Amino acid sequence: LAVSLGELASRFGGEVHGDRGCPIRGVASLERAGEGEISFLSNVQFRRHLAATRASAVILEPRFLPDCPVNALVTADPYLVFARVAQALHPPPPAEPGVHATAVLGRDCRMGDRVSVGPHAVLGEGVRLGDRVRVGPGCVIEDGVEVGADSVLEAGVVLHRGTRLGARVLVHSGAVIGGDGFGFANDRGRWVKIPQLGGVQVGDDVEIGSNTTVDRGALGDTVIEEGVKLDNQVQIAHNVRIGAHTAIAGCTGVAGSAVIGKRCAIGGGVGISGHLEIADDVQLTGTTFVSQSITEKGTYSSGVPFEPTRAWRRNFLRIRQLDDMARRLGELERLIRAMRDSHEPTGDT
Amino acid sequence: LAVSLGELASRFGGEVHGDRGCPIRGVASLERAGEGEISFLSNVQFRRHLAATRASAVILEPRFLPDCPVNALVTADPYLVFARVAQALHPPPPAEPGVHATAVLGRDCRMGDRVSVGPHAVLGEGVRLGDRVRVGPGCVIEDGVEVGADSVLEAGVVLHRGTRLGARVLVHSGAVIGGDGFGFANDRGRWVKIPQLGGVQVGDDVEIGSNTTVDRGALGDTVIEEGVKLDNQVQIAHNVRIGAHTAIAGCTGVAGSAVIGKRCAIGGGVGISGHLEIADDVQLTGTTFVSQSITEKGTYSSGVPFEPTRAWRRNFLRIRQLDDMARRLGELERLIRAMRDSHEPTGDT
Amino acid sequence: LAVSLGELASRFGGEVHGDRGCPIRGVASLERAGEGEISFLSNVQFRRHLAATRASAVILEPRFLPDCPVNALVTADPYLVFARVAQALHPPPPAEPGVHATAVLGRDCRMGDRVSVGPHAVLGEGVRLGDRVRVGPGCVIEDGVEVGADSVLEAGVVLHRGTRLGARVLVHSGAVIGGDGFGFANDRGRWVKIPQLGGVQVGDDVEIGSNTTVDRGALGDTVIEEGVKLDNQVQIAHNVRIGAHTAIAGCTGVAGSAVIGKRCAIGGGVGISGHLEIADDVQLTGTTFVSQSITEKGTYSSGVPFEPTRAWRRNFLRIRQLDDMARRLGELERLIRAMRDSHEPTGDT
């Protein structure tokens, strides 16, 4: 199971300094790595651990090479090369193909090669699973759902009617995809449910975090384009569209019909209102609140800085006076300008 | 399965302009609707799609009638009529009555007529399910829980001891009702659990979203009154009371013993502190933070507007100076008033 | 099943005023308690209910004793004594030991005495459960996971590979522990997954709320130290460390590699950025956003106060002008100082 450092270099990039034949069996941090393990240095903050590392090799940038006491794999992007090396050395544990005896399958399910369906999973009628799909214990897949090849559902995932997943999608435990959107008409103070009739389209190479929820469209579909990564406890409302390769960190909520661009990076705890658009390549820092469209790429924020509570109490109430303060400030400026104007000519005399 | 436009009008309101006999089989958006489908126009933003629609009929307000190229169902509230029509044309898929062979039932469960219990569901002792209740796959219902007629539990719902659901309650997948509230006494730095001994009462016609959590009361019950709608990933702490017909959007948290009025509309990502009251008919916009009681109906907000991060960094730190700025502003005003007072009399001379 | 008031006093502290032999069978609130029930008064807000209580006894501070119409258990910390009394009088419902016939167990699982495994639970290979562990219905425990004695998993809990729970840990329904952290390298706009290879260590006496998620470490472990209490829908990212006896309220998110001190009290809806440290004994009020380390113990806040939306709209936009306002204020101060300086000497003439 060992791979030589030279082979890692030829498969994943980087230039070997030291012993190309050095056998590598796993990855570990600079501090913990031992013989047969490869580590990486991509954050200057961890440079201090380099000198003492007992890793067999380290993936690093050229600038750190002089300080490296062991074999090195030198590359401009150590974190990326580390990702590829770690994937190669630590493949996910294999799932035994086959349908567990306790799983319950509806009629007309079509399964690809080497599909694995775990204990107590429940599949409705007409479910289609691509080759090598893995369905974890206790998952529920409703009628007619399609899951593309090499996708993995961890434990207790729910895929409701109208959900289609692409290939290589990874859905973590407890995620619910295709539940009803939150749509009601109001009839003299009472809510009347709008039937939620659309579905959810999830593209290839998407990852969806634990206990994240993605609602089906009301009419039409909710769409998660290819390569999107959603962290845990993210909430995606009905008819949202998330552009390809966008990443959204934990606890963020996106309201109905919002359209988010491609390659966005959205921090944790962000709130995005409904019926707006966010351009491609937008970055939102943690806890930002987006209540209007963002039309230009760039980085946006609205998180409020913490303070000792005693200080905060004073500033906190002033926020409610801000408009008043701004008006008074403008008034003072006018007054002073007037005073200066009336003063200066006479002052000169 | 088709219903004539005229029949829809007589059942759900509105006045037909065009062919009352036109057969309608389903609903769709203005853009996607085709023959046999009815659409609606309630948001002026979508007016541009009206002229080109290929729907067989459109539900709309009188003011849009002149622009409608097809049959029309004219009403003052198109969204509400659409909701009723969509419910009639798209009833939820029927569940086969009966208890699945893999479900596990405790002693003394009482089931109404045409109850459906899905695969791998687990019911404790003395559970009572009303007529036509549907329990989805993998649900867990603990001892003594009562579920009213026509209620639906989607997949993997957990109802803990002490939970009582009214009639026509819809609970989405992964919701947990009746888990322990978060209550501890502190004993010299260590937390001592307060046993959570109350229950959860959920009224008729309540909807509870995917992965939402509603804790049992500590003593006494947590109460969700009739007609309340909770979106996904909402957290309701112990001993909260939510008034009838209030709607709460996704990712909102309500802390212990808060009392929320009737007919409130609470946006997403809102935080409501414990032990406070919110009046009836209050609206809270997204991400508002409520740390004191709200005694008057109306709309309230505290979400902070986003900016480009560079600009935000400058403004962000000024928030910590707000109280200081307010004091300095007041001081300047006093100074200038004094200067003017001393200046003007002498200035006139 | 009744315990005398005197026995409660000797076991849990406090001094009896009244009948030591009075039999107590349960706890209830001041308003609802009846014969055989004991209540408590620890919040002056509820003092008004004391005079009319029909409890057989009340746990209270000395200052409230004169107003107490019934037997009293007098102590400096009524809430703590109440917690102990309630635990004694209301033990959790007993679970029948044994593995349910529908549970699925992998090879080489080791079970302590009187372990209970509920219906449809799934245990992987080599799982170790300590004495009296209770595994609720539908739980999934992956290969090699260890659970310490007297721990309880409610319904539908998922423990992924690499998770180790201490003794007396209570995990509520729907919690997911040990899911993948959110780690990706970027390869020209596409995300490349960093395999998440670490685990999760959970200390003794930890409580984890419903639908809360705790991710495994990337390299190394995520660590929840002993006595930590996590409420519902909390998100703990990879490689976070939470110090002993810290409590975190609902809907709070902690980003990767954050280190939180001991005995902290963190409110609901708080956001904590990654790669920072929070000192011991820090308190954060609800919805605070922590984007830098906190090095001193104390209470911190950043929640923004709500206002009527109309007022808020005015103040809200001024936040974007704050830096400009601060500069203009400074400029005015300089101007006025200059005017005064030039004015005063000449004004005197």
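The values are calculated or read from the model by the stated rules, or taken from the named source; none is laboratory data. Remember, predicted model here, so these are calculated numbers, not experimental data. When we count neighbours, we look across all protein chains shown, and the Cβ atoms used for this are built from the backbone with ideal geometry, even at glycine. Only protein heavy atoms, including side chains, enter the accessible area calculation; ligands, DNA and RNA are left aside. Shrake-Rupley method; radii C 1.70, N 1.55, O 1.52, S 1.80 Å.
So the values come out like this:
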{"read-out": "Filtered residues of segment C:110-127 (kept if in a loop (DSSP other than H, G, I, E, B), away from chain A (no Cβ under 14 Å), free of Cβ contacts under 8 Å to residues at least 24 places away in the same chain and open to solvent by less than 30 Å² (accessible area, probe 1.4 Å))", "value": "C:V115"}
{"read-out": "In segment C:255-279, the residues that are closer than 18 Å to A:V304 by Cβ and either within 7 Å of chain A (Cβ to nearest Cβ) or more than 21 Å from the chain's Cα centre (by Cα) (or both)", "value": "C:A255, C:G271, C:S273"}
{"read-out": "Matching option when the condition is surrounded by fewer than 21 Cβ atoms within 10 Å (Cβ to Cβ) and more than 24 Å from B:R132 (Cβ to Cβ), among B:L65, B:L1", "value": "B:L65"}
{"read-out": "Failed criterion for A:F316 (all others in (1) modelled with pLDDT of 95 or more; (2) of a type in the set (A, V, I, L, M, F, W, C); (3) closer than 17 Å to C:T287 by Cβ hold)", "value": "(1)"}
{"read-out": "Per-region count, segment A:214-233, residues of a type outside the set (D, E, K, R) and within 24 Å of C:F184 (Cα to Cα)", "value": "8"}
{"read-out": "Residue list for segment C:289-318, restricted to those being assigned to a loop (DSSP other than H, G, I, E, B) and open to solvent by 60 Å² or more (accessible area, probe 1.4 Å)", "value": "C:Q292, C:T295, C:E296, C:K297"}
{"read-out": "Strands (runs of 3 or more DSSP E) completely within segment A:1-89 that count 3 or more residues being touching a residue at least 60 places away in the same chain (Cβ under 8 Å)", "value": "A:71-74"}
{"read-out": "Qualifying position, being open to solvent by 10 Å² or more (accessible area, probe 1.4 Å), without any contact (Cβ under 8 Å) to a residue 40 or more places away in the chain and in a loop (DSSP other than H, G, I, E, B), among A:G269, A:G256", "value": "A:G269"}
{"read-out": "Positions within segment C:128-162 being in contact with a strand residue (DSSP E or B) (Cβ under 6 Å, 6 or more places away or on another chain), surrounded by fewer than 24 Cβ atoms within 10 Å (Cβ to Cβ), away from chain B (no Cβ under 14 Å) and of a type outside the set (G, A, S), in sequence order", "value": "C:R128, C:E146"}
{"read-out": "Extreme residue, farthest from B:D215 (Cα to Cα), among residues of segment B:243-264 that are among the polar types (S, T, N, Q) and in contact with a strand residue (DSSP E or B) (Cβ under 8 Å, 6 or more places away or on another chain)", "value": "B:T246"}
{"read-out": "Complete set of residues in segment B:181-215 that are aromatic (F, W, Y) and touching a residue at least 60 places away in the same chain (Cβ under 8 Å)", "value": "B:F182"}
{"read-out": "Conditions (1) in contact (Cβ under 8 Å) with a residue 24 or more places away in the chain; (2) within 10 Å of chain A (Cβ to nearest Cβ): number failed by B:A311", "value": "(1)"}
{"read-out": "Failed item in (1) of a type outside the set (S, T, N, Q); (2) open to solvent by less than 10 Å² (accessible area, probe 1.4 Å); (3) at the interface with chain A (Cβ under 7 Å from one of its Cβ atoms); (4) out of contact with any Lys or Arg (no Cβ under 9 Å at 6 or more places or on another chain), with B:L322 passing the rest", "value": "(4)"}
{"read-out": "Residues (more than 22 Å from the chain's Cα centre (by Cα), at pLDDT 95 or above and open to solvent by 60 Å² or more (accessible area, probe 1.4 Å)) located in segment A:68-96", "value": "A:P69, A:A76"}
{"read-out": "Hits in segment B:21-48 (condition: loosely packed, with under 15 Cβ neighbours inside 10 Å, at pLDDT 95 or above and closer than 20 Å to B:P62 by Cα)", "value": "none"}
{"read-out": "Given (1) closer than 19 Å to A:I266 by Cβ; (2) among the β-branched types (V, I, T); (3) buried (at least 22 other Cβ atoms within 10 Å of the Cβ), index of the condition B:I278 fails", "value": "(1)"}
{"read-out": "Residue check, C:G166 open to solvent by less than 30 Å² (accessible area, probe 1.4 Å), out of contact with any Cys (no Cβ under 9 Å at 6 or more places or on another chain) and either at the interface with another protein chain (Cβ under 8 Å from one of its Cβ atoms) or without any contact (Cβ under 8 Å) to a residue 12 or more places away in the chain (or both)", "value": "no"}
{"read-out": "Single match in A:V282, A:V304, A:V290 (criterion: of a type in the set (V, I, T) and more than 7 Å from chain B (Cβ to nearest Cβ))", "value": "A:V282"}
{"read-out": "Index of the failed condition, B:A51 passing every other in (1) crowded, with 20+ Cβ neighbours inside 10 Å; (2) touching an Asp or Glu at 6+ places or on another chain (Cβ under 9 Å)", "value": "(1)"}
{"read-out": "Of all residues making up segment B:230-253, the number that are of a type in the set (D, E, K, R) and surrounded by fewer than 24 Cβ atoms within 10 Å (Cβ to Cβ)", "value": "1"}
{"read-out": "Boolean, B:V206 is under 24 Å from A:G181 (Cα atoms) and either touching a helix residue (DSSP H, G or I) at 6+ places or on another chain (Cβ under 9 Å) or within 11 Å of chain C (Cβ to nearest Cβ) (or both)", "value": "no"}
{"read-out": "Residue within segment C:171-187 that is crowded, with 19+ Cβ neighbours inside 10 Å, of a type in the set (V, I, T), more than 14 Å from chain B (Cβ to nearest Cβ) and under 24 Å from B:V214 (Cα atoms) present", "value": "yes"}
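Residues are listed down the side, and each one gets a yes or a no for (1) in contact with a Phe, Trp or Tyr (Cβ under 6 Å, 6 or more places away or on another chain); (2) within 21 Å of B:H275 (Cα to Cα):
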| residue | (1), (2) |
| --- | --- |
| C:A265 | no, yes |
| C:G271 | yes, no |
| C:P305 | yes, yes |
| C:M325 | no, no |
